[in-house]
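Read the structure below first, then the notes.
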Amino acid sequence: MFDSKSLTTLEYPKILAALAGFAQSAGGKEKAKALLPLESVAAIEHALSETDEADRVLFEFALNPSFAVDDIEAILVKASKGAILSISEIMKVGRTLRTARRLKKTIATAKDVPILDDMSSRLYINEQLEKRIYDAFLSETEVADNASAELRVIRMRIRKINENIRTKLHVFITAPQYSKYLQDSIITMRSDRYVIPLKSDFKGTIPGLVHDQSASGSTLFVEPMQVVEMNNELKAELASEQAEIERILRSFSASIAVSCENIGWSYQSIVDMDVIFAKAQLAHVYRAVRPELNDSGEIVIRDGRHPLIDSKSVVPVSLALRKDENMLLITGPNTGGKTVTLKLVGLFTLMAMSGLYIPAKSAAISVFDGVYSDIGDEQSIEQSLSTFSAHIKNTINILSVVTDKSLVLFDELGAGTDPGDGAALAVSIAEHLLRVGAKSFITSHFNDLKEFALVTKGVVAASMEFDAQTFSPTFKLVMGAIGSSNALAIAQKLGLSKDIIDNARSKISAEKRQFDSVLTAAEQTRRKAVALVSEASIDREEAAKALKAAEHEKRIVAEKREKLDESIRKETKRLIENSVEEANDVLEQMKELLEKQSLSEADLFTARNMRKKLENMAANYDENSVIDDTPDDTPLRAGDNVWVKSLKKRGKLVSVNGRGEANVSFGKLTAKVKSGDYYKVK
């Protein structure tokens, strides 16, 4: 049950007003303002999925569907009863048909939006009727000539008659003999008949019918006899035109009446989708997230921001009431944010149950059968109720309907009367809520309730943080803490006399001072713990950054090494190719010498030089080939690099038998090496 009083108290209508601001159609705006929370998990999940799909259409696929339609429900009822619709009403139906067609096309462009696909499948498309409407009417008051063949012919005759009449009358207003009789050289109309303005002093000088006169009586509007018959023809044609327009309107009204049920469903689908897309727009503005639903009463909010507080000044709130916990008591200083936190919990619940996203980093929201609140000043002059009496009356109404599936929000429970009586009453009401099993959030300054929260199973304590250094609230909610009201510290900061403050302090009971001291000490300990955790977190973050930087450097070095190795391989390949090419040239020359029948001394000298050149090339290659043969003392394994002393060559160990003899591969060749003729190298 969601009574309007609690909805108003939690400012739910203001959220709906913001939602309506994003709706494009008049029907969508009204439906948004009338939105109520749903009561089943399945229905709410469906509504949230609708919002999710609309969000994807708008911001993932970057589509901008239009929902700009007029409210046509009354028009469709009128058409279904056989009434003739006006041009304006027919055009409103035409706009609905056009919007439905374009909307269907837009939704079809998006992918994986099954709910919206299903809704768009219910959109009624009638392109023929839509085109006829847009072709037939130029505006909401004007019918196009092409609305029908008959209308076009009639209007052609009307234009011709108009032209003939104006030609005849032009003679009167331009002829010199009539100029002194006329008030102005113009042609005008009276009662759908063409006339000319004649000075009243010259009445009768131009034979004709007088249709009107000016307010001063100095001018008569005369229809010359020469155009009377033509004006009669014109009037008859105008009547024919009106009759044809009425026939056209009757035809369109009948066409709409035949399809009015389909058009009505289509209109409702457009309005429904308008509201869904308005939810997505609102979620985008609020930077909101989809809440996780449950029916166990669990409420967990992380960095929730009240949507009606300026985003630049709002302090995020985090809180949790688990499924095995039934009550959260919020304590702390006045003006510290207790009431705002209370409203935030209620408002977030209502928003989630209405298919709206939540302005938070994350949120788990339970579904309730009712949300009841007693917040703010309930004083009623009309009913002669004091603040306390009004709160009690409201509390009675809430307790009479609350169930174990309800959410109850009490602000300053038991306040407004004698503190002793109020505290006792507050504890008693809290115990009743626990017995019923309702989930409740309560704010209070009573020490009795604070003690109750500390010792009672299922009750969780939280406090609005207070800065003891500045004597100011920080508006942050601290779970698991019990806070002091700090009334004297706040009063002193606001300027109340120190003498009065000291005097007030002396009147506080020893037990109260001791209780507040314990709370203060606990708060200081909590702050130190938070500071230590914060420092540890900073150290951990810095260590993580250092590790990330080292890994980055390692990756850069590895990349550079790969590039260097590749460069060396390319250069080595180039040198070898050049050497092979040069050696081939030398061998070709030697071959030519050997092919001679006899060698001279000069030939032998040339051959010796060529051999020396080959030896030098081999020596240079050995010098440039840097081979690391440094021994490695670690145990030998297959796949290790080994140096074969007799061959003066590096190879890869394939296997070793029991006598220490090894098989070593040198590329594609494998050789058997005696024991002691090889060793492992780095």
Restricting the range 414-434 to residues that are on the phi < 0 side of the Ramachandran plot and not in a helix (DSSP H, G or I), which is surrounded by the fewest Cβ atoms within 10 Å (Cβ to Cβ)? Asp418
Checking the structure you have, find out if any residue of the range 480-487 is in contact with a strand residue (DSSP E or B) (Cβ under 9 Å, 6 or more places away or on another chain), at pLDDT 80 or above and crowded, with 22+ Cβ neighbours inside 10 Å. no
Considering only the range 115-123, I want to know if a residue exists there that is under 20 Å from Asp272 (Cβ atoms) and either exposed (fewer than 14 other Cβ atoms within 10 Å of the Cβ) or among the aromatic types (Phe, Trp, Tyr) (or both). yes
Kindly check whether there is at least one residue in the range 5-12 that is touching a helix residue (DSSP H, G or I) at 6+ places or on another chain (Cβ under 7 Å), in a loop (DSSP other than H, G, I, E, B) and not hydroxyl-bearing (Ser, Thr, Tyr). yes
Taking the condition surrounded by 17 or more Cβ atoms within 10 Å (Cβ to Cβ) and modelled with pLDDT under 95, does Leu19 pass? no
Before we move on, is Leu329 under 18 Å from Leu409 (Cβ atoms), out of contact with any helix residue (DSSP H, G or I) (no Cβ under 7 Å at 6 or more places or on another chain) and buried (at least 23 other Cβ atoms within 10 Å of the Cβ)? no
Within the range 93-101, can one find any residue that is under 30 Å from Asp55 (Cα atoms), open to solvent by 80 Å² or more (accessible area, probe 1.4 Å) and out of contact with any Pro (no Cβ under 6 Å at 6 or more places or on another chain)? no
Phe202 meets each of (1) modelled with pLDDT of 85 or more; (2) more than 25 Å from Gln242 (Cα to Cα); (3) surrounded by 15 or more Cβ atoms within 10 Å (Cβ to Cβ) with one exception, condition (1)
Where a residue in the range 147-158 is basic (Lys, Arg) and its partner, wherever it lies, is in a helix (DSSP H, G or I), with Cβ under 6 Å and at least six apart: Arg152/Asp145; Arg155/Asp145; Arg157/Glu237
Among the candidates Leu344, Leu282, residue that is in a helix (DSSP H, G or I), closer than 24 Å to Thr8 by Cα and touching a His at 6+ places or on another chain (Cβ under 7 Å): Leu344
When both residues are 6+ apart or on different chains and their Cβ atoms are under 8 Å apart, which pairs have a first residue that lies in the range 651-677 and is more than 16 Å from Asp640 (Cα to Cα) and at pLDDT 85 or above, and a second that is of a type in the set (Asp, Glu) and assigned to a strand (DSSP E or B)? none
Contacts under 8 angstrom Cβ, first residue in the range 442-466 being touching a residue at least 60 places away in the same chain (Cβ under 8 Å), partner basic (Lys, Arg) and in a helix (DSSP H, G or I), 6 or more apart: Thr443/Lys338; Ser444/Lys450; Asn447/Lys512; Ala461/Lys450; Met464/Lys338
Within the range 32-57, tally of residues that are in a helix (DSSP H, G or I) and open to solvent by less than 20 Å² (accessible area, probe 1.4 Å): 8
Considering the range 242-260 alone, what residues qualify as being open to solvent by 30 Å² or more (accessible area, probe 1.4 Å), farther than 17 Å from Glu89 by Cβ and not aliphatic (A, V, I, L, M)? Gln242
Exactly one of (1) surrounded by 18 or more Cβ atoms within 10 Å (Cβ to Cβ); (2) touching a helix residue (DSSP H, G or I) at 6+ places or on another chain (Cβ under 9 Å) is unmet by Val300. Its number? (2)
Within 26 Å of Lys160 (Cβ to Cβ) and not aromatic (Phe, Trp, Tyr): does that describe Val228? yes
Just name the residue that is farthest from the chain's Cα centre (by Cα) out of those in the range 643-653 that are assigned to a strand (DSSP E or B) and within 14 Å of Ser675 (Cα to Cα). Val644
Test for Ile309: is it at pLDDT 95 or above, among the β-branched types (Val, Ile, Thr) and either surrounded by fewer than 23 Cβ atoms within 10 Å (Cβ to Cβ) or within 19 Å of the chain's Cα centre (by Cα) (or both): no
Hey, can you tell me all the residues within the range 159-182 that are surrounded by 17 or more Cβ atoms within 10 Å (Cβ to Cβ) and in contact (Cβ under 8 Å) with a residue 24 or more places away in the chain? Ile161, Ile165, Leu169, Phe172, Tyr178, Tyr181
Would you mind finding the one in Phe452, Phe466, Phe471, Phe441 that is modelled with pLDDT under 85, surrounded by 20 or more Cβ atoms within 10 Å (Cβ to Cβ) and not charged (D, E, K, R)? Phe466
Flagged pairs (Cβ under 6 angstrom, 6 or more apart or on separate chains; first in the range 283-300, at positive phi; second assigned to a loop (DSSP other than H, G, I, E, B)) are Gly297/Lys323
Hey, among the residues in the range 384-413 that are at pLDDT 90 or above and assigned to a loop (DSSP other than H, G, I, E, B), which one's surrounded by the most Cβ atoms within 10 Å (Cβ to Cβ)? Val402
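The values are calculated or read from the model by the stated rules, or taken from the named source; none is laboratory data. Note that the coordinates shown come from a computational prediction; the quantities given were computed from them, not determined experimentally. Using ideal geometry, Cβ is built from the backbone for each residue, glycine included, and neighbour counts are taken over all protein chains shown. Remember, those area values only see protein heavy atoms, side chains included, never the ligands or the DNA or RNA. Shrake-Rupley method; radii C 1.70, N 1.55, O 1.52, S 1.80 Å.
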